[in-house]
Amino acid sequence: MKKILQVCVFALLTITTSNAQNEVASLTYENTQDINFFKNIKNRTLVQQYKTINNNVIQVGDTVILGNPTSQEFNSRTYSASYGSKARGGVSNSRSTSKKTYEFVQMGRPAGFGSILSSLNGEAQAMASNSLKNTNAIVTEIKAYHRGSKKKPLYLVMVLGEMNGKAFGINKYLSVMDTELAIESGEIFKTTRNIYKT
């Protein structure tokens, strides 16, 4: 297990250093859909400012608010037992729970250490829960990614930091995995003014 973890960390560092990060000062929704523009953009390109389909502008350093979660997680467990010397009868009990979660906001960075460990264990990345509703956060980073190959349109991932520099629970950051869809669904919205910006 230790050897696998070392190989994964080495591969991650190699990928990170070999993908020279480009930077774009400004990007619009129209740019993300225009093949003549996005074919020249590499994955993980840093974006300083993004103009959404509704002409809202979000830039690094802005304050955003987490709106309403739009998804639910269901967990179900079944317990069973048998009785008698030849296990002639059985009893089962089932319990299920559900909780509201965000569809586009996940805990941690997109390819952070927690994400890698979760994938090694065969677990899905943890999505943010309803407890973060109405939380203010600062946009610390915006990156552009292709939806597959370089011939596919772009989507933007925002990394959000806690207002006081602390962590969201055990995670230092939140990741908005598709900025446009998160804004459209009401999971994220920008404050009218940056009251916490220095």
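The values are calculated or read from the model by the stated rules, or taken from the named source; none is laboratory data. Note that the structure is predicted; figures quoted are calculated from it, not measured. Cβ sites come from the backbone with ideal geometry, for glycine too, and all protein chains shown count toward neighbours.
State yes or no: is S129 crowded, with 16+ Cβ neighbours inside 10 Å, closer than 25 Å to N171 by Cβ and at pLDDT below 60?
Taking the combined requirement at face value, the residue does not satisfy it.
Yes/no per residue for (1) closer than 14 Å to Y145 by Cα; (2) touching a Ser or Thr at 6+ places or on another chain (Cβ under 6 Å); (3) among the small types (G, A, S); (4) modelled with pLDDT of 95 or more:
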residue	(1), (2), (3), (4)
M1	no, no, no, no
V7	no, no, no, no
A11	no, no, yes, no
T14	no, no, no, no
N19	yes, no, no, no
N22	yes, yes, no, no
I35	yes, no, no, no
K42	yes, no, no, no
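Tally up the residues in the range 152-187 that are of a type in the set (K, R) and farther than 22 Å from E23 by Cβ, please. Even if it seems obvious, please write down each step before you answer.
First pass over the range 152-187, keeping only residues of a type in the set (K, R): 152, 166, 172.
Now restrict to residues that are farther than 22 Å from E23 by Cβ: 166, 172.
Qualifying residue count for the region: 2.
In the range 127-171, what residues are touching a residue at least 40 places away in the same chain (Cβ under 8 Å), of a type in the set (G, A, S) and not in a strand (DSSP E or B)?
Of everything in the range 127-171, just one residue is touching a residue at least 40 places away in the same chain (Cβ under 8 Å), of a type in the set (G, A, S) and not in a strand (DSSP E or B), namely G169.
If I filter the range 149-173 down to residues being under 19 Å from T63 (Cβ atoms) and of a type in the set (K, R), which single residue comes out as modelled with the lowest pLDDT?
K166
Report yes if T97 is modelled with pLDDT under 90, surrounded by 15 or more Cβ atoms within 10 Å (Cβ to Cβ) and of a type in the set (V, I, T), otherwise no.
So T97 fails the test.
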